[in-house]
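Read through the structure below, which is laid out as structure tokens, and then see the notes.
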Amino acid sequence: MTLAITEMIDAVYDVRGDTLPSHYAFPLWEELVRHAPTLASDPSIGVIPLKTSPSEAGLLLAKRAKLTIRMPAHLSSHASALNGKQLNIDGVSLHLGTSKLKSIQSFTTLHSNLVTSSDESEEQFLANVTKKLNELGAVGDLLCGLHGTMKTHGRTINGYSLVIHNMKAEPSIRLQYLGLGADRQFGCGIFVPYKTITDLRDD
């Protein structure tokens, strides 16, 4: 079976802000859709997690942090609807700059912060991921991180962080286009370049 693959691009925004609530992914998506309703029309659209670090006040936004929305290339014109918007993330302000569109490049090592799973062991998770990757023709060596959860608004998302390395160019792009699993709008199952292989359990 040949998969129909839609070309994806990244819309990248400079952001201004200080801290974010630990559950920011949910209210962030609500704010993005409020300003750009078209985003809710395509389940392949996803938001790459922001770079943050824990602090007493919540999550501290990294200097030069970027908001990146991965979307089908044919919807790229809608990215401008978010230019200059101020988002209210559960009472915390996040200001967006002007979007820049970036094509997706191949990398031998890719990482996802959280690939969704059911209540399954790490071994079961890796077996299911391997099966899905084989179906996508995106074979690589897997390194599974710790189990993680996202809780907010009465919902819990479970999953594992995942690194895939030793990937070839075409499968690398294919995986970045398609992702793995559900809840892409909350940052799950989206793959980005990972420069070094380290112990993810200390990440």
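The values are calculated or read from the model by the stated rules, or taken from the named source; none is laboratory data. Every value quoted in this text rests on a predicted model; they were computed, and no experiment measured them. All Cβ positions, glycine included, derive from the backbone under ideal geometry; neighbour counts span all protein chains shown.
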- line: Residues in the stretch 37-77 that are buried (at least 19 other Cβ atoms within 10 Å of the Cβ), in contact with a helix residue (DSSP H, G or I) (Cβ under 6 Å, 6 or more places away or on another chain) and outside any strand (DSSP E or B) total 2
task: State whether one or more residues within the stretch 132-152 are polar (S, T, N, Q) and buried (at least 18 other Cβ atoms within 10 Å of the Cβ).
output: no
field: Complete set of residues in the stretch 24-40 that are farther than 23 Å from GLY154 by Cα and small (Gly, Ala, Ser)
entry: ALA36
message: Among the numbered criteria (1) farther than 14 Å from PHE186 by Cα; (2) of a type in the set (Asp, Glu); (3) part of a helix (DSSP H, G or I), which one does ASP14 miss?
response: (3)
- line: Filtering the stretch 86-117 down to residues that are assigned to a strand (DSSP E or B) and surrounded by fewer than 16 Cβ atoms within 10 Å (Cβ to Cβ) yields GLN86, ASN88, SER93, HIS95, LYS100, LEU101, LYS102, SER103
Tabulated pairs, the stretch 19-40, first touching a residue at least 24 places away in the same chain (Cβ under 8 Å), second of a type in the set (S, T, N, Q), C-beta under 6 angstrom, 6+ apart or interchain: HIS23/THR152; PHE26/THR152; TRP29/GLN185
- prompt: How many of the residues in the stretch 167-193 are more than 10 Å from the chain's Cα centre (by Cα) and among the small types (Gly, Ala, Ser)?
  reply: 4
- request: Answer yes or no as to whether SER99 is within 18 Å of the chain's Cα centre (by Cα), within 19 Å of LEU39 (Cα to Cα), assigned by TED's automatic domain parsing to the domain that holds TYR24 and not aliphatic (A, V, I, L, M).
  value: yes
query: Given GLU120, GLU135, which one is part of a loop (DSSP other than H, G, I, E, B) and outside the structural domain of VAL12 (by TED's automatic domain parsing)?
result: GLU120
